[in-house]
Structures are given as structure tokens and as C-alpha cells.
Amino acid sequence: MRILLVDDDRELAEYVSRTLEEEGNSVTISTDGAAAVRSARSAPFDIIVLDVMLPCMDGVQVTRKLRAENITTPVLLLTARDAPQDIVRGLDAGADDYLTKPFSLDVLLARIRARTRAGRSGETSRLRYADLVADLETYEVWRHGRRIDLTRTEFAILECLLRSPGRVIRRQHLIEEVWGAERLVPDNNLDAFIRLLRAKVDAPGHQRLIQTVRGIGYCLRQAEA
């Protein structure tokens, strides 16, 4: 899973991150509320583990802002405050769960599994945007009813874009999602695959969907007329 972990206690965040990564997850750490919002906007996550007491913007404010922007990623709040009114405030802001500090890492892992499992249970095997459809089980892609043959790398890039249509996916995030965070991949490799993908998906006669946001990354959106 792709997890956004937000806590201003860097030592605790790094400890929790190591535990989550040992379970096979990919973890991004933010240490303040404003950075958390930017991270949630810039890349898709399966869950956000969010401390309530944060600088710049507290966890409840972050949750409320994400929900106002229609970012529906499950949010698990972490806090030392366990008064009923504090719990109600977090849940009313749009959080999906609440875990009080200090917490057991086993309990945290169980809560994460429960929340992401609930999110995946009704998930379709197909991603769709405009007239573009990708099947995650068969690796088949269609546009305007016509099948498009993609390589596994091209499909992985397209899947990342399809999971967050309209949102800019940063270049580094695309590289990490497709090739892995451990591999050193030159930027021009990504550019080359984007060109190949465009030639197939945005063929002549179709509206261009894969947009370049110069200096930042790429996004999937219909060009304005």
C-alpha cells in the first residue's frame, strides 16, 4: 500500500515508517499540516495516517480541507486526546478512524488493513476517464471502443495517471511507482515512455488526455477547448 504518514515527531514518524515498510508498504512522511495537504494533492495514497497536533494546520483542519477538495483517501487520525468531543470533531471533519497515543504498532497495522480493505472491497477492476478504459486484471486498454496494446511499463504509467485524473502526478512519484524507489532512473526514461504512451492513447483524431505540467509532472485531463 501507499501510505502518507504525517507527524511532526520525526523520530516517531521514522520508527513507524520503518515498521510499515517492513510489511511491504511504501511510506511518504510529512511533518506539518500544509505539507500533508500538498502531498495528498500531488500523489495517490491508499491511506493517510495523520497526527492531530501538527504545526501550520492541525490534523482535523487537514482532513476537512482534503474532503472539501474531494480527496476521498481514508484518513486514520492519531492523537493523545481521547475525549469524546475530540473524537467526534475528527470524525465529523471526515476522518475514517481514530487511534489514541500511545498505540500498539500491531493495532495500527490492523486498523490500516481494515480501512484499506473496506476501501478495496467495492473497487472495480477497471479504471475509466472520458473514453479511456484500463482493465487492471487483464492489462487491456481501450479508447473510444478501440483496443490499445501497451507494454507493462506504459500500462503502469497510465494506471498511475488514471487513479488520480485531473491531479498532477509529480515526475519523481511516477518514477518510484513504475520502477521502484530503490532504482536510479534518468528523467529522460520517463519522458521517452510518456511519448510512446501518448502516441498510442492520444492518437490523431482523439482529444489529447495526457497533459504535461512543465517542471512538475503529468496529469490526465481533457484539454480545454
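Among the residues of the stretch 192-225, write down those that are at pLDDT below 90 and acidic (Asp, Glu). Across the stretch 192-225, the qualifying residue is only Glu224. With respect to Thr100, is the statement that it is closer than 29 Å to Ile169 by Cβ, among the hydroxyl-bearing types (Ser, Thr, Tyr) and either in contact (Cβ under 8 Å) with a residue 24 or more places away in the chain or not assigned by TED's automatic domain parsing to the domain that holds Ser164 (or both) true? Judged against the criteria, Thr100 is not a match. In the stretch 88-95, is there at least one residue being part of a strand (DSSP E or B) and surrounded by 15 or more Cβ atoms within 10 Å (Cβ to Cβ)? For the stretch 88-95, residues part of a strand (DSSP E or B) and surrounded by 15 or more Cβ atoms within 10 Å (Cβ to Cβ): absent.
When we screen Glu137, Glu69 for residues that are closer than 30 Å to His206 by Cβ, modelled with pLDDT under 85 and in contact with a Ser or Thr (Cβ under 8 Å, 6 or more places away or on another chain), the only hit is Glu137. If Ala134 meets every condition in (1) assigned by TED's automatic domain parsing to the domain that holds Asp191; (2) out of contact with any helix residue (DSSP H, G or I) (no Cβ under 6 Å at 6 or more places or on another chain) apart from one, which number is that one? Ala134 satisfies all of (1) assigned by TED's automatic domain parsing to the domain that holds Asp191; (2) out of contact with any helix residue (DSSP H, G or I) (no Cβ under 6 Å at 6 or more places or on another chain) except (2). For the stretch 1-39, name all the residues that are without any contact (Cβ under 8 Å) to a residue 60 or more places away in the chain, touching a strand residue (DSSP E or B) at 6+ places or on another chain (Cβ under 6 Å) and in a helix (DSSP H, G or I). Correct list: Ala13, Ser17, Glu21, Ala36, Ser39.
The values are calculated or read from the model by the stated rules, or taken from the named source; none is laboratory data. Predicted, not measured: the structure shown is a model, and the values here were computed from it. Neighbour counts run over all protein chains shown; Cβ positions are idealised from the backbone, glycine included.
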